[in-house]
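Structure first, then comments.
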Amino acid sequence: MELNSTPRLAPGCRLHPTDSVLLIPEGTLNLTGPSREILSMLDGKRTVSDVVTALVQQYEDVDEKEIGEDVLSLLNRLQQRGVLRVGA
Amino acid sequence: MTSPAAISTPRSPLSLIAEVTHRCPLHCLYCSNPLEMQRAEAELTTEDWTRVFKQAAEMGFLHLHLTGGEPLARRDLPELIRAGREAGLYVNMITSGVGMTEERLAGLVEAGLEHLQLSFQDIEEASANHIAGTRAHAIKLALVPVLKRYPLAFTINLVVHRMNLDHLEEFIALAEDLHPDRLEIAHVQYYGWALKNRALLMPTEEQVERSIPIVEAAKERLRGKIHVEAVFPDYFGSFPKACVGGWGRQMMLIDPAGQALPCHSAAVIPGMVFDNVREHDLEWIWKCSSAFNRFRGDDWMSPTCQACPRKEKDFGGCRCQAFLMTGDPNAIDPVCSLSPDHDLLKDLRVSKPEVLPIWRG
């Protein structure tokens, strides 16, 4: 996963309509902090950078580089778990 | 004497297992369905299931598992899937693929199917068909490339036992070539018809030990590509499994005729009375049904289990297994090394002379 990757949720994975929960085959992943918001932005077109920019605009006094690292770390973990697909 | 605190009350349930029919074109040697199956005439209607799914979603259930039997035997399957999705549930279907066409699949996906599970019985066609009791292997293989064209999650289940565990590496390779999103390697659990064939299917301790590094290597190799989950047979453990996440804590199963059960095989336990979704709503059943309350908490437990801190983890193990092996549904699960009947398991772990399969009609 890179900043210019365009990830999206894998087939059969979707956000619960109201709760901070990702519904996946045979289970759920609890989403903490801004994770739900991050995942809701992934559509296979937006890049990871786009998501970071949106978060930086929304939250004041945050370090863009730090946020970028946090987002990449989250997305990499979810990719390893098989619930994200990554485009170029 | 100090004893551990009482077991916490159940959170809202998670999984609704809808056995929409017991009709099935397969006759697997390890079938987990009850020995006495519900007839087609007794099956719930589309309207019944739609009401049940709505009630389940309102109670906080998240996942709906459509299973059977073969769910494709129901002509109203797309309506059932749509009803589950409209209620707000995540819809999974467990199928043999027998009876599936691309047209039907497209209809199921359009109705909202999100995850499909297909099991394989062995690597070679003849052997796989022998275990399934019908010619299903080629049909399953042919279905996979079609499935892969549709936007849904796809799991392959490898059902393992004594007859196929020695070629687990090749079995995993077969699954890998089919590119599922998930791969489950699940040992047969000895209930229902599988218990009848236990002497035929139960692997030896050596087989199980040889299989462990193979599974671990597959998990490592496939990380990030295929999510691998393995269910080991509790017959080889020292502590029992938290069967169905604890009795009446996470799961409810509705059989084809509408009876609500706390687990697949609860009917084997004498004196169980199951309430029916035709007469009660799901919330009443979850809270008040005697079947669901029977093994909640720790009042029913032996003093050994009551005093054991593991009761918070395994909730006393499997009640059906305790009954089937000892004749007492309140007994310590014999898988537990603290059970006075634990030697029963030791006897089962050694290899048996060749025995013949018993087929389900």
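Which value, in debye to the nearest 20, describes the size of the charge dipole of chain B about its Cα centre when Lys and Arg Cβ atoms bear +1, Asp and Glu Cβ atoms bear -1, and nothing else is charged?
Details: 37 positive and 47 negative charges, 58 e Å.
That gives chain B a dipole magnitude of about 280 debye.
Kindly put A:TYR59, B:TYR150 in sequence by how many other C-beta atoms sit within 10 Å of each C-beta, fewest to most. If you can, show how the numbers build up before the last one.
On the way: A:TYR59 10, B:TYR150 16.
Exposure proxy ranking, most exposed first: A:TYR59, B:TYR150.
Quick check on chain B: take the gyration tensor over C-alpha atoms, sort the square-rooted eigenvalues as a ≥ b ≥ c, and tell me if it's rounded (a/c under 1.5), prolate or oblate. List each step's numbers first, then the result.
Working: a/c = 1.61, a/b = 1.09, b/c = 1.47.
Verdict is oblate for chain B.
Provide, in order from the shortest bin, the percent of all Cα-Cα pairs of the stretch B:218-361 in each 10 Å bin, continuing until the bin that contains the maximum pair distance.
11, 32, 30, 21, 5, 0
Kindly state, as a whole number, the per residue volume in cubic angstrom of the convex hull around the alpha carbon atoms of the stretch B:261-330. Walk me through the numbers on the way to the answer.
Values: hull volume 6.6 nm³, N = 70.
Considering the Cα atoms of the stretch B:261-330, their hull volume per residue is 95 Å³.
Identify the residues of the stretch B:151-193 with backbone N under 12 Å of a label point that sits 7 angstrom from the Cα of B:HIS27 along the Cα-to-Cβ direction, or state none.
Within reach of a label on B:HIS27: no residues.
Compute the distance from the alpha-carbon center of the stretch B:13-76 to that of the stretch A:1-57, in whole Å.
Each part reduced to its Cα centre gives a spacing of 32 Å.
Convert each backbone phi in the stretch A:61-78 into a coupling constant with the Karplus relation 6.51 cos²θ - 1.76 cosθ + 1.60 (shift: θ = phi - 60°), then list the ³J(HN,Hα) values in order as whole Hz, x for Gly and Pro.
Per-residue couplings from phi come out as 6, 10, 8, 4, 5, 4, 4, x, 5, 5, 5, 4, 5, 4, 5, 5, 4, 5 Hz.
Among the lysines, select those whose C-alpha is under 30 Å from the C-alpha of A:LYS65, and discard any that sit fewer than 8 residues away in the same chain.
Output for A:LYS65: A:LYS45, B:LYS225.
Please list, in chain and number order, the residues 5+ apart from B:LEU116 or on another chain whose amide H is under 5 Å from its amide H, with Hs placed from the backbone.
Here the answer is B:MET93, B:ALA153, B:PHE154, B:THR155, since their amide H atoms fall under 5 Å of that of B:LEU116.
May I ask for the net charge around B:ARG23, where only other residues with Cβ less than 15 Å from the Cβ of B:ARG23 are counted and Lys, Arg are +1 while Asp, Glu are -1?
Residues near B:ARG23 contribute -3 overall.
When we measure straight from the Cα of B:LYS311, which lysines land under 27 angstrom away, once same-chain ones fewer than 8 places off are left out?
The qualifying lysines are B:LYS241, B:LYS287, B:LYS346.
Quick check: from the Cα gyration tensor, does the protein assembly as shown come out rounded (a/c under 1.5), prolate or oblate?
rounded
Pop the C-beta distance of B:ARG149 and B:ARG75 into the FRET formula with R0 = 22 Å and round what comes out to the nearest 0.05.
So, using R0 = 22 Å, E works out to roughly 0.40.
In whole Hz and in residue order, list the ³J(HN,Hα) couplings for the stretch B:127-134 that follow from phi through the Karplus curve 6.51 cos²θ - 1.76 cosθ + 1.60, θ = phi - 60°; x for Gly and Pro.
5, 4, 5, 4, 5, 7, x, 6
Quick one: compute the contact order of the stretch A:7-82, relative version, from alpha carbon pairs under 8 angstrom and 6+ residues apart, as a percent.
Reported relative contact order: 24 percent.
When only Cα pairs under 8 Å and 6 or more residues apart are kept, what is the percent relative contact order across the stretch B:54-108?
46
Taking N as the number of residues in the stretch A:7-82, what is its Cα Rg relative to 2.2 N^0.38 Å?
Rounded to two decimals, the normalised Rg is 1.09.
How far apart, in nm, are the 7 Å Cα→Cβ label points at A:THR32 and A:ASN4?
Here the modelled spin labels are 3.4 nm apart.
Can you pull the percent of Cα pairs in the stretch B:14-109 with separation above 18 Å?
Roughly 45 percent, once rounded to a whole number.
FYI, it's all coordinate maths here, none of it is from the lab. Quick caveat, the model's predicted, so the values are computed rather than measured. Note that each Cβ is placed from the backbone with ideal geometry, even for glycine, and that neighbours are counted across all protein chains shown.
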